[in-house]
Structures are given as C-alpha cells and as structure tokens.
1. Please compute one quarter of the surface area of the Cα convex hull for the range 58-104 and express it in square nanometres.
2. Compactness ratio of the range 15-86: Cα Rg over 2.2 N^0.38 Å, N = residue count?
3. Counting pairs of alpha carbon atoms under 8 Å apart in space and at least six apart in sequence, what relative contact order in percent does the range 1-45 give?
4. Apply the Karplus parameterisation 6.51 cos²θ - 1.76 cosθ + 1.60, with θ equal to phi minus 60°, to every residue of the range 111-118 and state each ³J(HN,Hα) to the nearest whole Hz, in sequence, with x for glycine and proline.
5. Quick one: pull the percentage of alpha-carbon pairs in the chain with a separation above 25 Å.
6. Output the relative contact order of the range 52-138, whole-number percent, from Cα pairs under 8 angstrom with separation of 6+ residues.
7. How many nm is it between the label spots at V75 and R17, if each spot is 7 Å from the Cα in line with the beta carbon?
Amino acid sequence: MRLEPFHRVDDTPFDARRADIERARGPAPRVDHDPIGLTALDYGDVVFRFQDSTGRLEEVTRRAPMLYLVGQGTVADVPFGRLATYVKAHDGDVFARAGFLVSPRLGLAFVPAEPDWVTALAAHCIDTWRQMGAAPTA
C-alpha cells in the first residue's frame, strides 16, 4: 500500500466518489451497508467505504505487507510487522480503539495482532475514531 496521508491511497485520491471507483474497477463483487451509514465496496483485495449521506470516501482498507508512506515530511517503507513500533515512534497522538491502533498523523488504523490489513482514513474520520468507544466525559 502506498499512502499519502489524507490525500491518496495507491492511485485513489480521497476526493474520489463511488462512481469513480466503479468506473476504474467495475462493479464491486460485494456491497455492504453498515448501521453507522457507510457503504462498503468490497473487491476482495481492497475495500472502499463511503458515507451514505454525503457520498464521500471515508476509508480504504487493503492488505499491506509493506506500507509506503509519502508526504507530511515522511518517506518510509514500513513492513507490517514493524508498523506498530513505527507509528508509536512517529505519532505522539496515537491511540487505541476497539483493538485498532489509530494514527492521526499518518491517517491510518490497523489491528497489530491481525494479518496485514491497514485502513487509510480520510482526515474528517479521525475524530469519529477518537469518539468510538472512548470513555464518556462527565
């Protein structure tokens, strides 16, 4: 996976719409709708999640045995097995949610103990991840 945080995942910009993805890749073999208002186009090797209400791209999830990070002053090739260590060293705001390690600086989320699936996040998704499962404030 080549990630330019908040801008592009491989050849897909974060301003892509569902029609753009379907034009480039064809119809998704599987389409899922979840209870939080996201539609997932599942191509097997990659999943694109779009906000139902706005149509904007929220997340791109794909296998990433090697993550190529470009931008925000970063150029790095990070093997998935070292991703948790890398994220913790390069993002002081990293946090855990629902088993995922989330990096606001690098715009990604992943489960360190699982196989090498990485989710690239749109910038506007970070606060949603922060609020997910967080302890309520008094």
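Every number in this text was worked out from the coordinates using simple rules, so none of it is lab data. If you're wondering where the values come from, they're calculated on a predicted model, not measured in any experiment. Cβ coordinates were reconstructed from backbone atoms using ideal geometry, including for glycine residues, and neighbour counts include every protein chain displayed.
1. Numbers: hull surface 15.4 nm².
Over all viewing directions, the range 58-104 projects a mean Cα-hull area of 3.8 nm².
2. Working: Rg = 14.5 Å, N = 72, 2.2 N^0.38 = 11.2 Å.
Computed over Cα atoms of the range 15-86, the ratio equals 1.29.
3. Details: 32 pairs, mean separation 9.5, N = 45.
That works out to 21 percent.
4. Values per residue, Gly and Pro as x: 9, x, 7, 9, x, 6, 8, 10 Hz.
5. Value for the chain: 24 percent of Cα pairs lie more than 25 Å apart.
6. 28 percent
7. 3.5 nm
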